[in-house]
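See below for the structure under consideration.
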Amino acid sequence: MMHCSRRGARANRSSKSSNMSTTLPHHTIIPLDFTNLILTQSNKLPHTHTWPHRSYDSPDPSHHPVPVIDLSAPRAVHLIRHACDKFGAFQVTGHGVPVQLLKEVEAEARRLFSLPMGRKILALRSPENMAGYGTAPVSLLCPKGLWSEGFTIAGSVAEHATKLWPAHDESSRFCSVIGEYKKQMELVTKKIITLILTSLGLTNDDVPWMKAEKEAVSEAAVVQLNSYPVCPDPAQAMGMAPHTDSSMVTVLYQGNVAGLQLQSEKGRWVTVPPTEGALVVNLGDLMHILSNGRFRSVLHRALVNGSEHRISVAYFYGSPKGVEVKPAVNLVGEGTSPMYGPVTWKDYLGLKGRHGQKALEMIKTSKVHGMLSVCKMCAMSNVVS
Ligand SMILES: O=C(O)CCC(=O)C(=O)O
Ligand SMILES: [Fe+2]
């Protein structure tokens with residue numbers, strides 16, 4: 001596997017005060033102009049987007065499939081505990097989100113990404129604030145470009161939409177579909193978190209911020225639209241580089257085109273097959289912290305393909321503004337210390353943005369006094385994944 005390094009992040013930060021178009025390695029924030037590329041270019045992967053070792057990691061066909069769990073089944077809690085222990089991920093049905101709404105969100109994402117680059121760039125995100133159009137935040141830490149584009153929706157949907165579609169009738173559909181999606185996803189995500197807590201022997205009382213004010217809770221969520229255009233050389237390309245999400249949980253809709261893979265305990269890649277009407281649930285780093293290391297946050301990536309344009313929609317649920325997540329007291333053995341120090345989602349995102357997959361290690365209680373205080377001082381916030 002080609003590992004992501006901090007090279008891109010450094011290049012990005014150093015470009016802050018200078019002319020972005022000349023000094024920024026473009027793949028770090030501005031995706032390829034796929035719409036134009038598909039119309040005019042030869043069938044070749046640019047060297048900036050060629051991952052030479054990617055094809056070495058062959059998937060593990062013998063691995064047990066990631067379980068599909070019906071949320072309304074009597075054994076749901078038991079099945080969720082097993083899935084969280086073994087995979088750090090599962091798929092859910094019986095979630096109550098109308099399939100029609102999922103299809104509408106996908107259609108809106110396709111409408112957004114098919115806009116000309118000149119229009120999408122009007123909503124370009126900055127290196128410090130990941131809301132808006134650009135490559136996935138994980139690309140800041142990658143040596144090569146990703147075969148994808150992303151749009152991160154944090155805060156007001158209308159603010160994003162009017163940048164893309166100045167005409168009201170063009171932006172209003174996006175606002176209403178995404179607005180409804182956020183509402184539905186908040187409901188289902190809280191249901192899923194409650195079941196996960198139950199599987200750990202905890203209740204919502206052990207995590208008081210679950211009952212926080214409605215507004216604070218809606219600040220705890222971010223929607224990420226991902227687009228993976230048809231690729232001329234899928235074996236050498238990477239849609240989304242391997243990463244764990246920083247969230248508590250991520251609920252992902254991946255339409256009907258395969259691409260998502262997660263890493264098994266044995267370190268092999270396992271495809272999560274699209275399942276009609278199902279949503280994928282990935283445990284993020286905050287859940288790993290809350291569970292005092294019992295549940296792992298799953299390493300995952302997205303591959304691309306040569307015939308279909310794939311869309312995925314991730315709903316990241318972190319923790320409300322200012323709330324520090326820490327290992328649940330009931331999961332810390334008597335006489336032992338919690339495995340991790342308390343951290344807010346915002347600070348953790350800052351750490352992850354700077355240090356990638358090393359971030360978790362850095363808030364281990366043995367390390368917390370040195371590194372975390374340093375990173376809080378120079379916090380680069382709002383990096384989402
Ligand atoms: O597109 C996918 O399947 C994965 C997306 C993802 O991992 C993310 O947005 O964090
Ligand atoms: Fe992810």
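The values are calculated or read from the model by the stated rules, or taken from the named source; none is laboratory data. Source: prediction; values computed, not measured. Cβ atoms come from the backbone with ideal geometry, glycine included; neighbour counts cover every protein chain shown. These accessible areas exclude ligands, DNA and RNA; they are computed on the full protein's heavy atoms, side chains included. Shrake-Rupley method; radii C 1.70, N 1.55, O 1.52, S 1.80 Å.
Per-residue packing, averaged as other Cβ atoms within 10 Å, sorts the ranges 351-358, 74-81 into the order 351-358, 74-81, beginning with the highest.
Of 44/163; 86/364; 103/266; 190/346, which pairs sit farther than 28 Å apart, going by alpha carbon to alpha carbon? Intermediate results must be reported in sequence, preceding the final value.
On the way: 44/163 32 Å; 86/364 22 Å; 103/266 35 Å; 190/346 20 Å.
Violating the 28 Å limit, Cα to Cα: 44/163; 103/266.
Can you order the peptides 139-151, 274-286 by their average number of other Cβ atoms within 10 Å per residue, highest first? Can you show the working numbers first?
On the way: 139-151: 25.2, 274-286: 21.6.
Ranking, from highest mean packing down: 139-151, 274-286.
Between residue 35 and residue 103, the modelled labels are 2.5 nm apart [label points 7 Å from Cα along Cα→Cβ]. For the stretch 66-179, dividing the convex hull volume of the Cα atoms by the residue count gives 152 Å³ per residue. Straight distance only, please: which aspartates and glutamates reach the Cα of residue 144 with their own Cα at less than 18 Å, same-chain residues fewer than 8 apart left out? Cross-link targets: 33, 57, 233.
In the stretch 66-363, what percent of the accessible surface is made up of carbon and sulfur (1.4 Å probe, ligands and nucleic acids excluded)?
Values: 5780 of 10650 Å².
Ligands and nucleic acids excluded, carbon and sulfur reach 54 percent.
Rg ratio for the stretch 66-363: its Cα radius of gyration over 2.2 N^0.38 Å, N being its residue count, equals 0.96. Packing, taken as the mean count of other beta carbons within 10 Å per residue, orders the peptides 125-133, 85-93 from highest to lowest as 85-93, 125-133.
The convex hull drawn around the Cα atoms of the stretch 158-309, when projected onto a plane and averaged over every direction, covers 11.2 nm². For the stretch 158-242, the alpha carbon positions stretch 48, 41, 15 Å along the principal axes, listed from largest to smallest.
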